[in-house]
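Written below as structure tokens is the structure these notes are about.
The values are calculated or read from the model by the stated rules, or taken from the named source; none is laboratory data. Every value quoted in this text rests on a predicted model; they were computed, and no experiment measured them. All Cβ positions, glycine included, derive from the backbone under ideal geometry; neighbour counts span all protein chains shown. Accessible surface is based on the protein model in full, side chains and every heavy atom, while ligands, DNA and RNA are left aside. Shrake-Rupley method; radii C 1.70, N 1.55, O 1.52, S 1.80 Å.
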Amino acid sequence: MASVGERKIVAARMRKEAELNARERIYEAMLKALEEVFLQNLGHPPATPLLAGRPDDYEEAVATRVLEVACETIGATGGCYFSFDDDTSMLTLLSVVGLLRDAMMPSGERLRVPAGEAGGDLGLSAASKRSMHFRSLDTYPDWIPASSKLRSAYLVPLCHGGRLLGVYAVGSDVEGWFTPERRVLADALVSYTAVAVENARLFAQAQRASERLSAVQRQLLHAQKMEAIGQLAGGLAHDLNNQLLVIRGCIELCYREPSCDSSMQSLIDQARKASDRAANLTRKMLLFSRKQPQNKTMLDLNSSVREIYRMLSRLMGEDVRTNLDLSADLWPVNADPTNIDQVITNLVINARDAMPSGGIITISTGNVVIDEASPGESIEARTGRFVRLSVSDTGTGIPDDVIPRLFEPFFTTKETGTGLGLSVTYGIVTAHDGWINVKSEVAKGSTFEVFLPAAPGAVSEGPAEPARPEPSAARGAGQRILLVEDEPGVIALAERVLAEHGYVVFPCRTIGEAFRVYDREGGKFDLVLSDVVLPDGRGPSLVAELRKSSPSLAVLLVSGYGNAAGRVDGAERGPVPFLQKPYGMRELLDKVAEVLMAAGGKASQQAVAGMTLCAAN
């Protein structure tokens with residue numbers, strides 16, 4: 001018969017074997033649980049096994065499998081695992097096995113218990129990081145329902161690196177089941193269980209990091225695609241601006257023809273208006289492609305709304321009706337027309353997308369006076385006179401928890417979309433010293449209200465100042481101009497208009513030709529009028545070389561690119577005068593006279609004398 005010492009050695013060896021066997025089964029269960037989560041969530045074997053699936057499922061799946069192994073090893077008939085959240089200091093029931101399953105989560109709700117005294121025995125076990133043994137459950141703790149039929153229980157805190165991960169509890173339908181030997185075995189399993197749960201959390205963190213990385217990569221790819229599209233749009237806008245310049249110049253010249261009677265002028269007016277609309281479209285393309293600076297002017301918001309309405313009405317679909325409710329006496333605003341068009345477009349398209357089954361979009365405008373007694377509905381509101389643009393829809397509405405994030409870049413609730421529309425809208429409005437109010441009710445629709453400051457003097461009640469006659473176009477007095485432009489139509493038109501108004505013009509198509517003409521004429525030029533982008537180089541480089549021999553040489557650069565002024569600004573001894581294409585002939589003449597006058601040329605004495613260039617009214 002074995003001695004007491006021998007029996008203790010055998011019992012210790014058997015306990016150790018059970019512990020090692022349980023450890024292997026715990027690790028195997030952990031990996032199996034993760035694999036099942038991956039396959040269940042993806043519906044097929046993942047390409048990157050440890051970085052797939054939903055992160056929130058990892059800890060629950062691992063805890064459940066590990067808990068099953070622990071119960072089987074100790075002989076428990078039920079168990080549960082409470083996960084601990086450092087941020088809230090709360091224990092949340094995450095998984096249940098055995099007899100406790102139906103009793104602990106009868107309706108699917110997860111029990112939450114605070115760590116510490118307020119959480120009862122469970123909370124105390126978590127706060128103290130000490131195990132608790134309940135030999136007999138004559139009086140059930142508040143975290144175990146009496147319907148569980150358990151007669152004894154054992155609580156074990158789960159820690160890793162001194163940090164509490166949670167608490168797992170095992171129970172039995174036999175009173176006094178958890179003998180010292182079984183409790184020692186349960187305590188021994190804690191380190192292995194903690195490693196398994198910690199790994200599950202690490203996998204979840206890795207998955208979230210992977211998702212964020214994927215999102216950033218998608219945003220980067222989208223940004224690159226938009227940049228490529230933007231470059232294409234900018235190039236097209238540049239070419240269109242050259243052609244529009246010729247069209248507008250020819251229209252202006254047609255007004256001067258003696259044979260241009262009233263009926264012909266009516267047709268020319270229509271052509272001029274069409275060219276103006278086309279020029280506005282190219283400005284939009286340049287805004288998209290190059291983010292050109294704002295060009296604020298006195299703007300009638302009603303006109304912008306009507307223009308956008310005509311453009312977008314064909315895109316709304318048969319199941320979407322658009323109503324206009326525009327104030328007849330709307331105050332003007334000081335704003336960039338292209339940017340405001342983008343705001344209106346973004347809001348209308350956003351309203352349309354919020355009505356997948358159709359509905360009604362209402363665009364309205366009105367004057368608003370905000371004083372101390374009515375400070376407005378937004379913290380950004382302030383006192384003063386404002387013009388309100390409102391876009392309403394009868395769509396799905398916006399949940400309250402989503403509204404604060406609406407204007408965040410890349411945030412979107414759509415399955416497809418960049419999440420940039422509303423953020424760009426917000427940026428434009430705030431750049432105009434305005435703000436946006438959002439009102440919404442789920443299933444009843446939304447209203448976006450844009451408030452823009454009324455232009456100074458816009459609300460004056462006094463009589464309108466009579467229109468002053470437009471002064472004559474500036475005329476030259478024999479100043480010599482080196483004209484460098486590669487577009488045949490543009491150079492022919494500019495040469496003709498400048499020559500007719502008293503300038504001596506030397507046209508060149510390339511930088512090389514410009515140097516040859518400059519040398520041939522001994523550098524005797526009053527002004528260099530050059531395009532920024534030329535076939536064999538750049539206008540600013542030409543200017544830099546010519547100014548080496550003629551430091552006082554006046555310069556005027558032109559371009560059809562939206563940000564060309566910014567690229568030449570600050571080059572060669574400070575800012576360079578710039579004229580944006582497509583310009584009118586009157587604009588060209590005025591700008592040339594202005595530059596020559598600033599340079600101290602002969603034009604300063606005769607800028608207002610001479611022939612009048614008929615303006616297109």
### Message
Would you confirm, using the coordinates I've provided, whether Gly162 is out of contact with any strand residue (DSSP E or B) (no Cβ under 9 Å at 6 or more places or on another chain) and at pLDDT 85 or above?
### Response
yes
#### Entry: Subset of the stretch 86-131 (residues that are among the acidic types (Asp, Glu) and surrounded by fewer than 17 Cβ atoms within 10 Å (Cβ to Cβ))
Asp86, Asp87, Asp102, Glu109, Glu117
### Task
Return the pairs, sorted by first residue and then second, in which the second residue is open to solvent by less than 70 Å² (accessible area, probe 1.4 Å) and at pLDDT below 70, the first residue lies in the stretch 374-393 and is closer than 10 Å to Leu452 by Cα and of a type outside the set (S, T, N, Q), the beta carbons are less than 9 Å apart, and the residues are 6+ apart or on different chains.
Arg385/Ala458; Arg385/Val459; Phe386/Gly376; Val387/Ala458
### Task
Taking the options Asn339, Asn350, Asn323, Asn367, name whichever one is in contact with a His (Cβ under 9 Å, 6 or more places away or on another chain) and not basic (Lys, Arg).
Asn339
### Query
Counting only residues that are at pLDDT 80 or above and hydroxyl-bearing (Ser, Thr, Tyr), which one in the stretch 401-453 is surrounded by the fewest Cβ atoms within 10 Å (Cβ to Cβ)?
Thr430
### Query
within 21 Å of Asp531 (Cα to Cα) and either open to solvent by 20 Å² or more (accessible area, probe 1.4 Å) or at pLDDT 90 or above (or both), is that true of Arg475?
no
### Query
So which of Phe178, Phe203 is open to solvent by less than 60 Å² (accessible area, probe 1.4 Å) and within 30 Å of Leu137 (Cβ to Cβ)?
Phe178
#### Entry: Positions within the stretch 304-333 being under 14 Å from Leu389 (Cα atoms), touching a residue at least 40 places away in the same chain (Cβ under 8 Å) and in contact with a strand residue (DSSP E or B) (Cβ under 7 Å, 6 or more places away or on another chain), in sequence order
Val305, Tyr309, Asn323, Leu324, Asp325, Ser327, Leu330, Trp331, Pro332, Val333
### Residue, modelled with the lowest pLDDT, within the stretch 585-606, restricted to residues that are touching a helix residue (DSSP H, G or I) at 6+ places or on another chain (Cβ under 6 Å) and surrounded by fewer than 18 Cβ atoms within 10 Å (Cβ to Cβ)
Ser604
### Query
Residues of the stretch 182-194 being open to solvent by 40 Å² or more (accessible area, probe 1.4 Å) and out of contact with any helix residue (DSSP H, G or I) (no Cβ under 8 Å at 6 or more places or on another chain), which ones?
Arg183, Asp187, Ser191
### Query
Yes or no: Thr139 farther than 17 Å from Leu93 by Cβ, open to solvent by less than 50 Å² (accessible area, probe 1.4 Å), without any contact (Cβ under 8 Å) to a residue 12 or more places away in the chain and of a type in the set (Ser, Thr, Tyr)?
no
### Task
Specify which of the listed residues (Ala76, Ala61) is at pLDDT 70 or above, open to solvent by 20 Å² or more (accessible area, probe 1.4 Å) and of a type in the set (Gly, Ala, Ser).
Ala61
### Query
Among (1) surrounded by 21 or more Cβ atoms within 10 Å (Cβ to Cβ); (2) modelled with pLDDT under 90; (3) in contact with a Gly (Cβ under 6 Å, 6 or more places away or on another chain), where does Ser83 come up short?
(2)
### Query
Here are some residues: Glu380, Glu318. Which one is surrounded by fewer than 16 Cβ atoms within 10 Å (Cβ to Cβ), acidic (Asp, Glu), within 23 Å of the chain's Cα centre (by Cα) and not in a strand (DSSP E or B)?
Glu380
### Message
Can you list residue pairs whose Cβ atoms sit under 8 Å apart, with the first residue in the stretch 535-562 being more than 17 Å from Ile491 (Cα to Cα) and among the charged types (D, E, K, R) and the second being open to solvent by 30 Å² or more (accessible area, probe 1.4 Å) and modelled with pLDDT of 90 or more? Count only pairs 6 or more apart in sequence or on different chains.
### Response
Glu545/Phe515
### Query
Cβ-Cβ below 6 Å, separation at least six or inter-chain, first residue in the stretch 67-93 and under 17 Å from Glu109 (Cα atoms) and touching a residue at least 24 places away in the same chain (Cβ under 8 Å), second basic (Lys, Arg) and open to solvent by 10 Å² or more (accessible area, probe 1.4 Å): which pairs?
Met90/Arg112
#### Entry: Test for Val532: is it hydrophobic (A, V, I, L, M, F, W, C), open to solvent by 40 Å² or more (accessible area, probe 1.4 Å) and in contact (Cβ under 8 Å) with a residue 24 or more places away in the chain
no
